[in-house]
Protein chains: 2
Amino acid sequence: MRIAIDAMGGDFAPDEIIKGALESIEKLDKGDTLILVGPVETIKAKLGAKNLSKYADVLKIVDASEVIGMDESPIDALRKKRKSSISVMVKLAADGEADAVISAGNTGACVAGCQMRMRNIEGVNRPGIAVVFPTFEGPVTMCDVGANISCKPINFYQYAIMASMYSESLLGIKNPRVGIMSIGEEEAKGNEIVKKARELIKSDPKINFIGNIEGSDIFKGKCDVAICDGFVGNVVLKLTEGLVDGLFKIIKHEVKQQSFLLAMGFKSVMMKMYQKYDYHEYGGALLLGVNGTSVICHGSSKARTISNAIMAAKKFHSMGTNEKIKEYLAKSNIRGTDE
Amino acid sequence: MRIAIDAMGGDFAPDEIIKGALESIEKLDKGDTLILVGPVETIKAKLGAKNLSKYADVLKIVDASEVIGMDESPIDALRKKRKSSISVMVKLAADGEADAVISAGNTGACVAGCQMRMRNIEGVNRPGIAVVFPTFEGPVTMCDVGANISCKPINFYQYAIMASMYSESLLGIKNPRVGIMSIGEEEAKGNEIVKKARELIKSDPKINFIGNIEGSDIFKGKCDVAICDGFVGNVVLKLTEGLVDGLFKIIKHEVKQQSFLLAMGFKSVMMKMYQKYDYHEYGGALLLGVNGTSVICHGSSKARTISNAIMAAKKFHSMGTNEKIKEYLAKSNIRGTDE
């Protein structure tokens, strides 16, 4: 398998990206190659002569002289910076020279680049980003968290299918329970698009649909898959990050005030929790619905995230998830009218 | 001041509601009255002969023989159950017989009832529910969290004004910083309505507008007021509840596994945090924009929440927040075209 990695994407690029790629090498299968995309000289210098010769069979470098900044407008940047690492990376996938792409760079540019170049899986109207929330009751897959901020009912329906398949093949959850994010459990609750989407999902008996879920249900073990539009999903994702950070800040402050011993004891608890529930473990979010494997990593990704993202890409690819999605949609009589 | 309380609303009604009303009595001002709305005989029995005679000057009972269930469709229920505690309560306010209403019952019915009966403040197109998030960096007021799930730009603009005034008069925050919930800090981010709303808010220099905020910013001390539509706000509110519960579940589990001593130490930290950051302290959410004072309490409200809600109603009323909103909107040249 050939995995193209945006060496210049993210707050800690290129150092942590290259470090992550190196760390993953021992876990790769024979014949796998990692394609680092970015300015050749920079990447070579960061890798060092020793690694370059040692991993000559595994590591390839493809030149990309430009970088899309984290705050640049995605579409503009893609149009203007043809030689950016993201543009070059998605072109490799589009040309059949890479099976997977990974970037911790500008999310919007990465999503738009994948959509434009790699195209969608046959039958898919719009791709969606799926993230996994590690909860006390088990992992919950949420889709979409930012690819598509004005969703049509058909998009929700396809997210339900794609995220279910992701949950089943990647997380091993049989017949995952799918909920749609709304503002109350009752059928009458929700805006017009959510109501229409619910009817569409309900009309497909193969989806294990449990109906409306509320924000709190994600952490209560009520569902395995949560479907929403990219605006709501992105708010949820970032709120979760901010709230967890904020809460730990409060706890640390209070624990310290109580006693030094308690603070020490709690520190080790936090380390354990961090290991068990850290979302970095999942290596990033899958862009579901594009022809190929695309892993979108957090801007703050460090080496371990990138290494895990490489493993996630391998797993997604090897499970043939895209083929399953294509097959499912070919048989479904619910077509995308985009209304 | 005359405060009408829905004695039958909430998971622990009528016991906890009546208990909360009794607990608040010593904090009331001379001349204040509490009007308990519900079945007279039930309320009398719960109060007991001693309280009835002791507080004869303060406590009044207004009969309402029906109750709107938590899951009933708000509009249907209001139409059919004219004698429900919510219907009777809002009628008291509409008829000028109560200055404030408080309910922990069906939120939708309470919002709809207030809107229909009490009407909006002159110049306000749609009311919005404002809740206060207690964060490490200080309280953040979010509006709307569920009154209005399909917001127009003018609604966002008015929420910015009303929530700012709430933050200033109730929480004592001078010139509060207002952010609009979106999916990235850059101007280009967000859906069409959010973009239009941003332009409208920006056009009023009296609002201390900081532009887009992300979900994580609420807990980072970046803003004092967060504006969003009721769908997003409701998801955020419930997610926060669920995530905090879920996280404490995880921490408790890990702490227990570590050592008994640590668990004991952490328990006292949790108690402190609970006191400091408990949202029950705020007593509920204000429905901003209606003619009068309306406090909407959580369905799981216990006596303390109700007692705090009574204090919140008194404070909101005494600060003349509604008059300030009316005055502000009368001077503003940004009118509600509802488009």
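With the structure loaded, tell me whether B:D217 is of a type in the set (D, E), within 11 Å of another protein chain (Cβ to nearest Cβ), in a helix (DSSP H, G or I) and in contact with a strand residue (DSSP E or B) (Cβ under 7 Å, 6 or more places away or on another chain) or whether it fails that test.
Answer is yes for this residue.
Report yes if B:D71 is at pLDDT below 95, in a helix (DSSP H, G or I) and either closer than 19 Å to B:I306 by Cα or of a type outside the set (S, T, N, Q) (or both), otherwise no. So B:D71 does not fit the description; no.
The residue that is nearest to A:D6 (Cα to Cα), counting only those in the stretch A:33-66 that are among the aliphatic types (A, V, I, L, M) and assigned to a loop (DSSP other than H, G, I, E, B), is A:A64. Considering the stretch B:57-73, the residues that are more than 17 Å from B:P39 (Cα to Cα) and of a type outside the set (A, V, I, L, M, F, W, C) include one that is surrounded by the fewest Cβ atoms within 10 Å (Cβ to Cβ), namely B:D57. Taking the stretch B:20-46 as the range and being without any contact (Cβ under 8 Å) to a residue 24 or more places away in the chain and of a type in the set (G, A, S) as the test, only B:A45 passes.
Yes or no, residue by residue, for (1) basic (K, R); (2) outside the structural domain of B:I296 (by TED's automatic domain parsing); (3) within 22 Å of B:N148 (Cα to Cα); (4) touching a residue at least 40 places away in the same chain (Cβ under 8 Å):
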{"site": "B:G9", "(1), (2), (3), (4)": "no, no, yes, yes"}
{"site": "B:I18", "(1), (2), (3), (4)": "no, no, no, no"}
{"site": "B:R82", "(1), (2), (3), (4)": "yes, no, no, no"}
{"site": "B:V101", "(1), (2), (3), (4)": "no, no, yes, yes"}
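For the stretch A:220-229, a residue qualifies if it is within 28 Å of B:N191 (Cβ to Cβ) and within 7 Å of chain B (Cβ to nearest Cβ), but none of them does. The set of residues in the stretch A:199-209 that are without any contact (Cβ under 8 Å) to a residue 40 or more places away in the chain and not in a loop (DSSP other than H, G, I, E, B) contains only A:K202. Residues that are within 13 Å of B:E214 (Cβ to Cβ) and of a type outside the set (S, T, Y) within the stretch A:233-249 comprise A:G233, A:N234, A:V235, A:V236, A:L237, A:K238, A:L239, A:E241, A:G242, A:L243, A:D245, listed in sequence order. Residues that are of a type in the set (D, E) and closer than 30 Å to A:S84 by Cβ: does the stretch A:114-128 have at least one? Yes.
Considering (1) in contact with a Pro (Cβ under 7 Å, 6 or more places away or on another chain); (2) more than 20 Å from A:V236 (Cβ to Cβ); (3) of a type in the set (A, V, I, L, M), the lone condition that B:I193 does not fulfil carries the number (2). For the stretch B:74-114, the tally of residues that are more than 20 Å from the chain's Cα centre (by Cα), surrounded by 18 or more Cβ atoms within 10 Å (Cβ to Cβ) and in a loop (DSSP other than H, G, I, E, B) stands at 1.
When residues in the stretch B:2-54 are screened for being within 19 Å of the chain's Cα centre (by Cα) and at positive phi, 1 of them pass. For the stretch A:243-286, filtered to residues that are in contact (Cβ under 8 Å) with a residue 12 or more places away in the chain and among the acidic types (D, E), the residue that is nearest to the other protein chains (Cβ to nearest Cβ) is A:D278.
Hey, does the stretch A:194-214 have a residue that's within 14 Å of chain B (Cβ to nearest Cβ), out of contact with any strand residue (DSSP E or B) (no Cβ under 7 Å at 6 or more places or on another chain) and under 30 Å from B:V255 (Cα atoms)? For the stretch A:194-214, residues within 14 Å of chain B (Cβ to nearest Cβ), out of contact with any strand residue (DSSP E or B) (no Cβ under 7 Å at 6 or more places or on another chain) and under 30 Å from B:V255 (Cα atoms): present. For A:N148, the conditions (1) in contact with a helix residue (DSSP H, G or I) (Cβ under 9 Å, 6 or more places away or on another chain); (2) under 21 Å from A:E323 (Cβ atoms) are fulfilled apart from (2). Pairs meeting the criteria (first residue in the stretch A:144-164 and within 13 Å of chain B (Cβ to nearest Cβ) and closer than 14 Å to A:Y328 by Cα, second residue crowded, with 24+ Cβ neighbours inside 10 Å and modelled with pLDDT of 95 or more, beta carbons under 8 Å, at least 6 apart or on different chains) are lacking. Of the residues screened, B:K54 is one that is under 20 Å from B:I310 (Cα atoms) and surrounded by 14 or more Cβ atoms within 10 Å (Cβ to Cβ).
Taken over the stretch A:135-181, the residue count meeting the criterion of being of a type in the set (D, E, K, R) and either under 18 Å from the mean Cα position of the chain (by Cα) or on the phi > 0 side of the Ramachandran plot (or both) is 2.
The values are calculated or read from the model by the stated rules, or taken from the named source; none is laboratory data. None of these values were measured; they are calculated from a predicted model. Note that we place each Cβ from the backbone using ideal geometry, even for glycine, and neighbour counts take in every protein chain shown.
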